[in-house]
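What follows is one structure encoded as structure tokens, with my remarks underneath.
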Amino acid sequence: MKEGLVMGKRITLLSISMCFILFLTGCNASPQNFIEINKIENEDDTVYEALQYLISDECDGRLIGTEGNKKAKEYIVSRFKDFSIEPYNNSFYHPYLQQILVIDSDKMILELKDTKNNIIKFEYGKDFMDSSICPGTLRLPIGFDAAGEEDCILVAKGHKDDNIKKSNVKGILISTERLKKGNNSDEKYGDRNVFNITEEVYEILKSNPGGEVHMSSSGELKEIEENNVIGIIKGKDSSKAFLITAHLDHVGSIGESIWKGAYDNSSGVSILLDTARRIGEYSKNNELPNDIIFSGINSEETFLYGSKILREEIFKDYDFIANINMDCIGHKGEKKLFIDYQHDLPEIKLLTDKLNSFFNDSGIKSTPAYAEYISDHASFPVGINITTGYKDIHILEDTIDILDIDFMENISEMLAKFLIKTSSDSIILGEKHDKIYDAIRREAKNMNFGEYKFIEVENKNYYVMGSNLSGAKDEVDQHFGNSFDYIPDKLGDLKLDKIEINAFRSNYFNTPKADEHQTNMIYKRKGLIRDINNINIFYQNSDNYDKVIIQFDSFIKDNDIERDVEEEISGQAFEDRPFIETKNKYYLNAAIEADGYDELTVKHEVSDKIFIIRIYGSRLEDKLDYIQKQKVESFIKENNIDDIILALVKTLSQ
């Protein structure tokens, strides 16, 4: 699982829902406005021209930290300027620091010495690719079953080969149907060299069981400054905004081979630019009701890093943001769009349904998808992703030849019309709800965790509560006493960084009665522990790069809202037999993308509640990815994970 799925900033369900409904509020578009909307379909070559540049040799695969990535950013900025898109907070660049792994391609070696001492050399990027590296050199016998105690390099058919966990396996070669290039994340820096190999290489190794493998890698960790690209068209109300995103980075090059990434994700960036052009043209003669922000996001390929940083910054400036992301659109033969959402909230479903209906009414086949196509939208509380699927990515064949440019231009035209129409759409609620939401928002900002009150707006009483807590353990103790004393300060050498508690259940379940309270008087919620929806416990080392997250979700069986979410999660997480059984049954769930975090998942049921616990992070990733059950069991036992889970279940069963 990717860490972006655990939000650093959470908003109550009521607040998001109210704000989203208001976001779809505005003035009805006049006949003149609709004339202007229709004019945005004018012919232009923005999509094609952007594609041609982003996949050019000059951009060199757009890997973060490279000159090619810098040129792609500069191109996007130049196009923003052409389309009258203004800098966001006086700059088109949004900087952040990131640690990456810099691999020395010339020192990535895989060779076979057969029983006759003949040397067969394999080519990096063509015959094999790094999955994990541990700088150094190995010269060891081939091992297909790692039998005996002799050190070997295991040749495996897949990542689930049980021999991978054996202690005498010092390096791993994994056969894959299609060789794909990965990212340059620091997460690749491991304790063993793991290379993916083609099926042809696998057959060569298989035919030389007595041979010796020379396996070598070289790389170093380096901190770089990267940037998202961001621009804005200002609207009348700058408290709410649409955020339109597409990631600009890809996986780079090796020697003369360039992974051009036409589909992933020059397609999304090109559509974003064409959408910006159309809305920029419209805004010259029409004021938008709300801000529309456009961002070419960087570092998506490294665990959504750029969007997670952007989320923390941009949310300081707005009361509400709805994100529409585009990742991999326009594959030839794929004429149906998927609108993916990662967080099962009513306001996201409303946005998904509106856009889905708009596309279908416009003659573009579209269907919703839940948690199938992860991308930068996962970093935002209200975010959706438009895609035609993720096939043919991270391969050399991902070129402009596999794209349907006419289809892509149609998408940008319809998306621009949707954004303009939706920003002006007043069919859901009237203007008075602006006043209601503004009042709720102002009061909620001043509420401490666990406090609530009723306020009167438009002669009606509305419930407002401080529902979110994020802080150190002593801050949690101030609200819950010693209820969570069993949460340890350390997991091994990882220190407890923070605890997030989200307790917004009273917004829709067992809500206090207004007629039993005085308006504008602050009350302290009793039995607050029963209101907890979610607890996230973060452990990390001092440099913030090694981490474990324990995510604990609570669901009431008799509440339709919560039960729907629980059923969505359970349907995906508990299909296979348990991976490990100790005091709990731990299920192994693979990441949605190869670059994501796998997770251990546990489920408990009591009389009226269901609990789902997920454990993931960089400290666990190598253990889960390579099916090293013994190490996972040791981690669980050494850190008393079983007891922590059972104690949380007992506490939240009150």
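Side notes on the structure shown:
- Across the alpha-carbon set of the chain, the Rg to Rh ratio works out to 0.99, Rh being the Kirkwood radius.
- Rg followed by Dmax, in Å, when segment 198-333 is reduced to its Cα trace: 21.4, 75
- Based on Cα atoms of segment 217-261, Rg over Rh with Rh as the Kirkwood radius reads 1.18.
- Distance between modelled label sites at residue 113 and residue 218, nm, 7 Å Cα→Cβ extension: 2.0 nm
- The relative contact order of segment 244-367 comes to 30 percent, based on Cα pairs under 8 Å that sit 6 or more residues apart.
- Of the accessible area of the chain, computed with a 1.4 Å probe over protein heavy atoms only, carbon and sulfur atoms account for 44 percent.
- Segment residue 608-residue 480, extension gain: residue separation times 0.36 nm, minus the distance between their alpha carbons: 43.9 nm
- Cα gyration tensor shape for segment 370-417, rounded if a/c is under 1.5, else prolate or oblate: oblate
- Centroid-to-centroid separation of segment 80-131 and segment 342-404 [C-alpha atoms, Å]: 27 Å
- A dipole drawn for the chain from +1 and -1 charges on Cβ atoms has a positive end, and of 255, 600, 72 the residue lying farthest that way is 600.
- Bins of 5 Å, starting at 0 and running to the largest distance - Cα pair percent for segment 462-537: 3, 13, 24, 21, 15, 11, 7, 4, 2, 1, 0
- The loop-placed chymotrypsin sites (Phe, Trp or Tyr not before Pro) in segment 40-106, going by DSSP, include none that has at most 10 neighbouring Cβ atoms within 10 Å of its Cβ.
- When the surface is traced with a 1.4 Å probe over the full set of protein chains, residue 239 keeps roughly 30 Å² accessible.
- Here the chain is treated with +1 on each Lys and Arg Cβ and -1 on each Asp and Glu Cβ, and its dipole about the Cα centre works out to around 1520 debye.
- 37 °C / 0.692 mPa s Stokes-Einstein diffusion coefficient of segment 273-409, Kirkwood radius on C-alpha pairs, µm²/s: 202 µm²/s
- Heavy atoms of residue 399: accessible area, 1.4 Å probe, square angstrom to 10: 30 Å²
- Hydrodynamic analysis of segment 123-259 uses the Kirkwood radius over alpha carbon pairs. Inserted into Stokes-Einstein at 25 °C and 0.890 mPa s, it gives a translational diffusion coefficient of 139 µm²/s.
- Given charges at Cβ of Lys, Arg, Asp, Glu: the chain dipole, positive-most of 549, 224, 465: 465
- Heavy-atom accessible surface of the chain, averaged per residue, reaches 41 Å², computed with a 1.4 Å probe.
- DSSP bridge orientation in the chain - percent antiparallel, rounded to nearest 5: 70 percent
- Segment 133-268, relative contact order [Cα under 8 Å, separation at least 6], %: 26 percent
- In sequence order, calculated HN-Hα J values of segment 253-259 (Karplus, 6.51, -1.76, 1.60; Hz; x Gly/Pro): 8, 9, x, 8, 8, 10, 7
- Loop-located trypsin sites (Lys or Arg not before Pro) in segment 256-325 whose Cβ has at most 15 other Cβ within 10 Å (DSSP): 284, 316
- Packing order of peptides 468-474, 553-559, highest average first: 553-559, 468-474 (average count of other Cβ atoms within 10 Å over each peptide's residues).
- Over the chain, Cα pairs under 8 Å with separation of 6+ residues give a relative contact order of 15 percent.
- Net charge dipole, segment 112-228: roughly 300 debye, given to the nearest 20, about the Cα centre with Cβ charges of +1 for Lys and Arg and -1 for Asp and Glu.
- Based on alpha-carbon atoms, the Kirkwood radius and the radius of gyration of segment 325-376 give Rg/Rh equal to 0.96.
- Exposure check, 1.4 Å probe, all protein chains in place: residue 331 carries approximately 10 Å² of accessible surface.
The values are calculated or read from the model by the stated rules, or taken from the named source; none is laboratory data. Fair warning: this is a prediction, and the values are worked out from it, not measured in the lab. Note: ideal-geometry Cβ built from the backbone for every residue, glycine included; neighbour counts use all protein chains shown. Ligands, DNA and RNA are excluded from the accessible area calculation, which covers all protein heavy atoms including side chains. Shrake-Rupley method; radii C 1.70, N 1.55, O 1.52, S 1.80 Å.
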